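The values are calculated or read from the model by the stated rules, or taken from the named source; none is laboratory data. It should be emphasised that the depicted structure is a prediction, and the values quoted were computed from it without experimental measurement. Every residue, glycine among them, receives a Cβ derived from its backbone with ideal geometry; neighbour counts consider all protein chains shown. Calculation scope for accessible area: heavy atoms of the full protein, side chains included, ligands and nucleic acids excluded. Shrake-Rupley method; radii C 1.70, N 1.55, O 1.52, S 1.80 Å.
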Amino acid sequence: MKKAVTIQDISCFGKCSLTVALPIISAMGIETAVIPTAVLSTHTGSGFSGYTFRDLTGDIPQIASHWQKMGLGFDAVYTGYLGSPAQVKIVSDFFDTFGTKDNFIVVDPVMGDSGKLYAGLTDELKVGMRELCSKADYIIPNMTEASFLLDIPYSEKNNEEQTRTTLRRLAELGCRYPVLTGVRWNDEEQGAAAYDPENDKFYYSFGRHIDRHMHGTGDIFASVFTGAVTLGKTLQQALDLSVKFTADCIEATLPEADELWYGTCFELCLGKLIEDIKN
Ligand code: PXL
């Protein structure tokens with residue numbers, strides 16, 4: 001059985017990070033180990049205030065050292081939200097220990113959305129995330145995170161040429177394949193783009209744009225993408241599966257008025273995902 005490990009926080013309520021990655025990657029038939037970086041009572045997004053935050057930075061090296069003694073290995077290492085620059089360094093050490101020539105590393109440099117840093121995160125994290133991206137096979141920033149990584153202005157909409165330039169510059173951070181989410185060239189469509197610098201080849205996938213911000217969609221996308229690559233899908237197939245699943249989840253959430261403000265109802269679409277990965 002394929003094995004992945006995902007390193008990110010547990011937001012106990014609010015559907016993001018580990019509570020999204022674990023069910024999605026597991027549903028794709030992949031054993032999913034977890035390293036929680038912090039436990040929060042809710043995520044830090046709009047609508048929640050007064051959340052608790054227990055930092056688990058000190059536990060990460062201990063978990064890694066136990067796993068190393070056991071000789072554990074993973075087909076994929078996938079990191080998401082990291083609460084502090086100190087965690088970035090520890091995760092970077094984890095890559096050195098658990099990264100091999102046969103497995104791959106996915107870094108989702110979770111830092112913000114709609115042009116803004118998430119609450120509680122600092123500019124120092126941007127520097128750390130750049131370094132982490134240099135060690136990754138795949139990085140999956142949204143447009144906001146790409147602007148932080150590259151120190152360029154954020155723009156919600158752009159065109160194909162700008163997307164290509166951004167991807168080329170993301171590749172210069174040192175990763176093997178940059179994947180950009182939240183790509184919008186017009187009002188009707190939204191999707192993702194990827195770049196293979198070795199062959200100077202671009203990949204795109206688009207779905208219907210729904211003009212509604214939903215929380216956790218970046219984590220949903222990155223989880224499906226990681227699962228798809230773990231299963232041996234091509235870059236184009238992984239993009240298509242992730243864009244389609246994310247769009248399906250957004251559509252499924254629209255009627256769920258009680259949940260719309262804090263999370264995305266990915267649970268309603270897992271059955272479809274399991275079918276889609278068979279193709
Ligand atoms: O979905 C990204 C994310 C992950 N973890 C925490 C967050 C957020 C976004 O706000 O607050 C704790």
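Which one, Leu260, Phe48, Thr165, is farthest towards the positive end of the dipole of segment 3-278 when Lys and Arg carry +1 and Asp and Glu -1 on their Cβ?
Thr165
Counting each DSSP H run of 4 or more residues in the chain as -39500 (n - 2.57), what helix-only mean residue ellipticity at 222 nm follows after dividing by all residues, to the nearest 500 deg cm²/dmol?
Helices in the chain give a 222 nm mean residue ellipticity of -12000 deg cm²/dmol.
Once you order the gyration tensor axes a ≥ b ≥ c over the Cα atoms, which shape class does the chain get: rounded for a/c under 1.5, otherwise prolate or oblate by comparing a/b with b/c?
Rounded is the answer for the chain, as its axis ratio a/c remains below 1.5.
Taking θ as phi - 60°, what are the ³J(HN,Hα) couplings along segment 201-213 by the Karplus curve (6.51, -1.76, 1.60), each to the nearest whole Hz, with x for Gly and Pro?
So the Karplus estimates, Gly and Pro as x, are 10, 9, 10, 9, 8, 10, x, 5, 7, 10, 7, 8, 7 Hz.
Taking the alpha-carbon centroid of each part, what is the distance from segment 142-170 to segment 92-130 in angstrom?
Rounded to whole Å, the Cα centres lie 17 Å apart.
Specify the residue with the greatest mean-square fluctuation among Asp93, Asp123, Asp248, computed from a Gaussian network of the chain linking alpha-carbon atoms under 10 Å apart.
It is Asp123.
Taking the chain as a Gaussian network, Cα atoms linked when under 10 Å apart, which of Val243, Val106, Val91 shows the biggest mean-square fluctuation?
Per the Cα network of the chain with a 10 Å cutoff, Val91 tops the list.
Given contacts defined as C-alpha pairs under 8 Å and at least six residues apart, what's the relative contact order of segment 160-261, whole-number percent?
Relative CO of segment 160-261 lands at 20 percent.
Let me spell out the model: positive unit charges on the Cβ of Lys and Arg, negative unit charges on the Cβ of Asp and Glu, origin at the Cα centre of the chain. What dipole size does that give, in debye rounded to 20?
Using only the charged Cβ atoms, the result is roughly 480 debye.
Would you work out what percent of the accessible area of segment 3-278, with all protein chains in place, is carbon or sulfur (probe 1.4 Å)?
Answer for segment 3-278 is 50 percent, counting heavy atoms of protein chains only.
In segment 208-279, which trypsin sites (Lys or Arg not before Pro) fall in coil by DSSP and have 15 or fewer other Cβ atoms within 10 Å?
The qualifying sites are Arg212, Lys278.
Put Met1, Met28 in order of accessible area, largest first, 1.4 Å probe: what do you get?
The most accessible residue leads, giving Met1, Met28.
If we count every other residue with Cβ under 13 angstrom of Ser46's Cβ, Lys/Arg +1 and Asp/Glu -1, where does the sum land?
Net of charged neighbours comes to 0.
Would you mind telling me which residue in Glu172, Glu188, Glu131 has the biggest mean-square fluctuation in a Gaussian network model of the chain, where springs connect alpha carbons within a distance under 10 angstrom?
Among Glu172, Glu188, Glu131, the largest mean-square fluctuation in the Gaussian network model of the chain belongs to Glu188.
Evaluate the relative contact order of the chain (contact order divided by residue number), counting alpha-carbon pairs under 8 angstrom at least 6 apart; express in whole percent.
Relative contact order for the chain comes out at 17 percent.
Report the net charge of residues surrounding Asn103, where surrounding means a beta-carbon distance below 11 angstrom and charges are Lys +1, Arg +1, Asp -1, Glu -1.
Within the 11 Å Cβ shell, the charges total 0.
Could you compute the net charge surrounding Ala21? Neighbours are other residues with a C-beta less than 12 Å from the C-beta of Ala21; K and R count +1, D and E count -1.
-2
Give a quick list of trypsin sites (Lys or Arg not before Pro) in segment 29-122 that DSSP marks as loop, anything other than H, G, I, E or B, with at most 16 other Cβ atoms within 10 Å.
The qualifying sites are Lys101.
Helices from the chain with mean Kyte-Doolittle at least -0.5 and a Cα length along the axis of 15 Å or more, per DSSP H: which?
Both cut-offs are met by 85-98, 123-134, 217-230, 235-253.
How high is the relative contact order of segment 1-103? Use alpha-carbon pairs under 8 Å, at least six apart in sequence, and give a whole percent.
Across segment 1-103, relative contact order equals 31 percent.
Express as a percent, rounded to the nearest 5, the fraction of DSSP beta bridges in segment 3-278 (both residues included) that run antiparallel.
45 percent
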